[in-house]
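Read the structure below first, then the notes.
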């Protein structure tokens, strides 16, 4: 059985934006499950962490929400990415790409190359 880890600080907003960009509108529980599924069930998304991020993203104008009915006939707030969120997503993806490239250099460095 795989041990789940919590989402690293500062990465959840990016994961939410990417999930909404790829999947379209989802309710909070659906966002959390999709993030866990995409991670191969290696991540655990805490609801107490997710909803403040959703609120912050909505206040920033990156996402918007509307009330609707979930697949099990319950009232739920559905979130969707906005134009500002798509811009924010691209900026964050570019930053993570650069960070990943830098970290790869450090992780693969050999003592003799120093």
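Just so you know, all these numbers are worked out from the coordinates, no wet-lab data involved. These numbers come from a predicted model, not from an experiment. Cβ sites come from the backbone with ideal geometry, for glycine too, and all protein chains shown count toward neighbours.
Residues 15, 23, 82, 103, arranged from fewest to most other Cβ atoms within 10 angstrom of their Cβ, appear as 103, 23, 82, 15.
For Cα pairs less than 8 Å apart in space and 6+ apart in sequence, what is the mean separation divided by the residue count of segment 5-113, i.e. the relative contact order in percent?
On the way: 112 pairs, mean separation 30.4, N = 109.
That works out to 28 percent.
Translational diffusion coefficient of the chain at 10 °C, 1.306 mPa s, Stokes-Einstein with Kirkwood Rh over Cα pairs, in µm²/s as a whole number. Value of D from the Cα-based Kirkwood radius: 102 µm²/s.
Tell me, what is the percent relative contact order of segment 62-108, built from C-alpha pairs under 8 Å that lie six or more residues apart?
Working: 35 pairs, mean separation 14.7, N = 47.
With pairs under 8 Å counted, the relative contact order is 31 percent.
Length gained on full extension, residue 38 to residue 59: 5.0 nm, using 0.36 nm per residue less the C-alpha separation. Modelled spin labels at residue 99 and residue 80, positioned 7 Å past Cα toward Cβ, are 2.9 nm from each other. Modelled this way, with points 7 Å down the Cα-to-C-beta line, the labels at residue 29 and residue 108 are 4.3 nm from one another.
Multiplying the residue separation of residue 22 and residue 73 by 0.36 nm and removing their Cα-Cα distance gives an extension gain of 16.0 nm.
Considering only beta bridges that DSSP places wholly inside the chain, some 80 percent are antiparallel.
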